[in-house]
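Here's the structure, in structure tokens; my notes come after.
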Amino acid sequence: MSTQDQERLELLQGTLDLLILRTLIFGPQHGQGIARAIQQTSADELLVEHGALYPALQRLESRRWIAAEWGVSTNNRKARFYRLTKLGRKQLVRETTKWNRLTQAIGRVLTNSES
Amino acid sequence: MFWQKRKPSDFNAEVEAHLALEVERLKGQGMSEEEAQSAAQRSFGNVTRAQERFYESGRWMLWDTLRQDIRYGLRGLAKSPGFTAASILTLALGIGATTALFTVVRSVLLKPLPFKEPGRLVRVYEQSPDGKSPFNWIAGGVFAQWKKQSRGFSDLALVAPWMQYSLSGAGGQLPEKVRAAECSWNLFSTLGVKPALGRSFSAADDQLSANATVVLSWGIWQRRYGGDPSIVNQTILLDAKPYAVIGIMPSWFTYPDSSIQLWTPVYHEEKTEEIQAIDSHDFTAVGRLQPGVTREEATAELSVITRRLHDQHLDNPFVSKAANSRPLIDGMVGDFKTPLYVLLAATGCLLLIACLNVASLLVARGAARRRELAIRAALGGSRWRLLCEHLTESLLLSAGGGGAGILLANALIQWFIAARPDMSRIEAIRMDGWVAVFLLGLVFACAFFASLTSSVSLRGGEILSSLQESSRSHSAANARVRLRQGLLIIEVGLTVVLLVGAGLLLKSYERLRTTDLGCVTRNVLTMRLSLPEAKYGQGAQRVSFYQGLLERVRSLPSVQGAGLVRVVPGQGYGGDSGFAIAEHPPLPPGKGQNAIVRWADPGYFKALGIPLLRGKTFDENQQLDQAREVIISESFVRRFFPGEDPIGKHLLTIGHRSFEVVGVAGDTRFQISEPVQPMMYFPVYANLLTGVPPWATLAVRSDHDVSSLALPVQKIVQEFDPELAVGDVLTMDQVIGKSTLDAGFDATLLLAFAVFSLVLAAVGLFGVLSYVVAQRTIEIGIRVALGARKADVLRLVVGQGMIPGFVGLGLGVIGALGLTRFMSSLLYEIEPADPATFALVSALLIIVALFASYIPARRATKVDPMVALRYE
């Protein structure tokens, strides 16, 4: 992850996978588009080094959660588009549930000031 | 995780596309081209790193690295063809020789016999009552008792393995002598083998009253009968008697050895009194253990039965008291264990020397590449990768050596089979899966050994110091020289061990060959005659044949003498018999004397140059029952007539007939490697126990090359009897050669290994010294400039070579003293620590070392100090 800006949140490993899967739910997207989407949607809180996206994409592709093929972007440039597979959708649901449970649990511990 | 491998070019294209899109977007936001480019690069991060990570993803890295190493290794080896060729040839020699010998050891000694459950098969023996032969042959009468009473064996079979027949008949083919074995009907079932065609013997065939039957081997069926299946149930003539062929054995089957071409039922062939005798040890036996019974238990039971029989015949001194046994495979190949393992160890030494040589070459090669390696290390190449590359290079060399080694091994095996017809199970020698595994193991072991011993120069600190070092300092080079000298010491040590072994075997063989047999051996021809009973049933017929033949043969020009004897000296034991001396007091009951029995014609002793020390030879006119003379050997007199004149005394033997001692002949050895035993000679024209002997060996002496007489003599035999086949037409030198075949072979092979290793060691020494001179050229130049003389330079260089030479020699001598102990069973009248051999080997090694040092030393003395100092 980027070391340039300490104020930006550092992403835990594995959560990047979750973010990519979530981003792709809106339709197929190429690498640069995914990077931008994450940045924008998180209101620039999450800064992803674009190059570091690719190992995650390869991992997801090897697990067949996303599938890829070459296509043409909106302004007629060649790009490799990734889309969510059925398995990917299921995985997204699983991961999201896990994340929610995790954050809720952490939240409970943090707001518990009595003990 | 297995996914379709994406090409790196595909990924690079994606990265390019990504950057292009980002640049577009930033330009859309108002940046200039260059600003957009650098911003896009920044937000991407390290492109190269991404590409590297993609490249490394997955488990392909290992395979990729290996492929790369192999490619670079091949390229590097191709660039130095001399080094590559030398290494591959050296390794091929070592790997080929070791693989060939391992094949022989595996096929002959380790592979189980091809019978059913061969681990349950046992060779059974009697122990001779005087204790001298623990694995003595068996008497038929004793066997009969074993068969009847034993419970520990599920099956016992009797075999008489030294039979010969004159095979004739079936359409005018020439008669030939064939080796055969008589066996009890259940031999094949005991071994668990079925015939390929027809049937094997039944109990009904194995009786005196049955029709004569015979089982053929595959070999003779193919060779003489063209593999025609209709030969089954036809009749062939053995010794002019008709035998019905009832079956053919499979092609892989041999018992007891591969020279046996047919089997006949023993109870049908042997006379009743011979097969029932309990003191005449003419047979061998093999048995199959009952399930759950150990060999020791079953043998102990047989010993009890034997002892009981012995105690019932206490007056007969030749009945054994106990039985003995060993696993069938030991019985067949036991004699070859030590020689084969010694040869295998020798090839192991040769292989080790080859590896050391290659390692030394690799060290030298590493020195030449040290700058390249240093730069690579500085650029971040891990030492592990460098080691892997080094190992891969060694593996390539080793694989090349293995490939060439297989060809060499094949050739060696073919030669081995041709050169050792005396070896048991020779038909089983072939390469199998175990040999392939062994070969692969050798290839890897050689690669690991060579690369690890030579990789010392890849030590981390050394790599970087090479960059700093100038030619004037040579600290790392020193370490390399010391390493190579260390390798050389081990090489020299192993070479000395091999040389000592070879020297001992050679000396032993020479002693063996020049042992005096007690008779003339130059230009003597021998051949075996055997008169079939059908035509020569009467003693008088045999006598007239022998006499006529001898007369004709003696009349040939260039024949200096001819005689008949049971077997010539050096041809084997023959047989022995018990006897008593009439004029001596009778021996206590249970004590017996026996001596080797020979029958000979009166002219035999003169013909073969055996001196008659006392008395005279047989009377020619005394024949058949009237022949009552016996001639005894010198050692017979020493043992049984100490201090008295034996002439005129009488021996009681062979059916308690009395024979008068008329002469004393000089000693002859029955086997060249065995000590002299007492012998008694009976006239061949006499009626011995079974009448006039129906077979004998004709010995013919000539004054020049005797092999030219082979054909004329055989023609004479043909004239007398066209159907008579002679066997084993050999000169005495060939007879001796046959009995010393194994000793000669072992000596030759070990000598070849020793010579090869000496050459390798000399080459290694030469290489080390050349290296030293090249490394220290500047130093030598300085010394010469400061006033060193030629002699000083010579001493410096030669010392560098001779010191490891001497240390290696010392280690080798110590090693040899310890190891040659194991081959003492192969040595004849030589001590394993024979000082003459050790001295000779040491001298040889020093001379060779000096020779190998000569050229590099001369080169050193030619160093021009000005030129040397200018070199940087």
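Counting only residues that are touching a residue at least 60 places away in the same chain (Cβ under 8 Å) and away from every other protein chain (no Cβ under 14 Å), give me the helices (runs of 4 or more DSSP H) lying completely in the range B:4-115 with at least 1 of them.
Those helices (runs of 4 or more DSSP H) span B:60-79, B:81-104.
Output the helices (runs of 4 or more DSSP H) that fall wholly within the range A:8-90 and possess 1 or more residues being away from chain B (no Cβ under 14 Å) and farther than 22 Å from B:ALA13 by Cβ, or say none.
In the range A:8-90, A:15-23, A:31-41 are the helices (runs of 4 or more DSSP H) which contain 1 or more residues that are away from chain B (no Cβ under 14 Å) and farther than 22 Å from B:ALA13 by Cβ.
Kindly list the number of the only condition in (1) modelled with pLDDT under 95; (2) over 23 Å from the mean Cα position of the chain (by Cα); (3) not in a loop (DSSP other than H, G, I, E, B) that fails for B:GLY381.
B:GLY381 satisfies every listed condition except (3).
Among the listed residues B:PHE143, B:PHE135, which satisfies the condition of being touching a Leu at 6+ places or on another chain (Cβ under 7 Å) and touching a residue at least 24 places away in the same chain (Cβ under 8 Å)?
B:PHE143
Within the range B:811-847, can you find the residues that are free of Cβ contacts under 8 Å to residues at least 12 places away in the same chain and not hydrophobic (A, V, I, L, M, F, W, C)?
Once the filter is applied, which keeps residues that are free of Cβ contacts under 8 Å to residues at least 12 places away in the same chain and not hydrophobic (A, V, I, L, M, F, W, C), the range B:811-847 yields B:GLY818, B:ARG821, B:SER824, B:GLU831, B:PRO835.
(1) modelled with pLDDT of 90 or more; (2) in contact with a Leu (Cβ under 9 Å, 6 or more places away or on another chain); (3) closer than 30 Å to B:SER508 by Cα: which one isn't true of B:ASP601, the others all being true?
(3)
State yes or no: is A:ASN112 free of Cβ contacts under 8 Å to residues at least 24 places away in the same chain, away from chain B (no Cβ under 11 Å) and of a type outside the set (Ser, Thr, Tyr)?
The answer is yes for A:ASN112.
Being on the phi > 0 side of the Ramachandran plot, surrounded by fewer than 16 Cβ atoms within 10 Å (Cβ to Cβ) and assigned to a loop (DSSP other than H, G, I, E, B), is that true of even one residue in the range B:680-701?
No, the range B:680-701 has no match at all.
Specify the residue that is farthest from B:LYS337 (Cα to Cα); the eligible residues are those in the range B:812-839 that are touching a Leu at 6+ places or on another chain (Cβ under 9 Å) and among the hydrophobic types (A, V, I, L, M, F, W, C).
B:PHE838
Identify the residue in the range B:253-299 that is hydroxyl-bearing (Ser, Thr, Tyr) and under 20 Å from B:ARG123 (Cβ atoms) and, among all such residues, is surrounded by the fewest Cβ atoms within 10 Å (Cβ to Cβ).
Going through the qualifying residues, I end up with B:THR294.
Can you say whether B:ARG639 is basic (Lys, Arg) and in a helix (DSSP H, G or I), as far as the supplied structure shows? Quick ask: steps written out before the conclusion?
Numbers: basic (Lys, Arg): yes; in a helix (DSSP H, G or I): yes.
For B:ARG639, the condition - basic (Lys, Arg) and in a helix (DSSP H, G or I) - is met.
Any idea how many residues of the range A:60-104 are in contact (Cβ under 8 Å) with a residue 40 or more places away in the chain and either crowded, with 17+ Cβ neighbours inside 10 Å or among the aromatic types (Phe, Trp, Tyr) (or both)?
Total meeting the criteria: 14.
Out of B:GLY810, B:GLY767, B:GLY787, B:GLY815, I need the residue that is at pLDDT 85 or above and outside any helix (DSSP H, G or I). Which one?
Of the residues listed, the single one that is at pLDDT 85 or above and outside any helix (DSSP H, G or I) is B:GLY787.
Tell me, yes or no, whether the range B:663-684 has at least one residue that is in contact with a Pro (Cβ under 6 Å, 6 or more places away or on another chain) and farther than 30 Å from B:ARG513 by Cα.
Looking through the range B:663-684, none of the residues is in contact with a Pro (Cβ under 6 Å, 6 or more places away or on another chain) and farther than 30 Å from B:ARG513 by Cα.
What residue, among those in the range B:197-217 that are closer than 14 Å to B:PHE253 by Cα and in contact with a Phe, Trp or Tyr (Cβ under 7 Å, 6 or more places away or on another chain), is surrounded by the fewest Cβ atoms within 10 Å (Cβ to Cβ)?
Step by step, filter the range B:197-217, then rank; the result is B:SER200.
The values are calculated or read from the model by the stated rules, or taken from the named source; none is laboratory data. Since we're looking at a predicted model, the values are computed, not measured. Note that we place each Cβ from the backbone using ideal geometry, even for glycine, and neighbour counts take in every protein chain shown.
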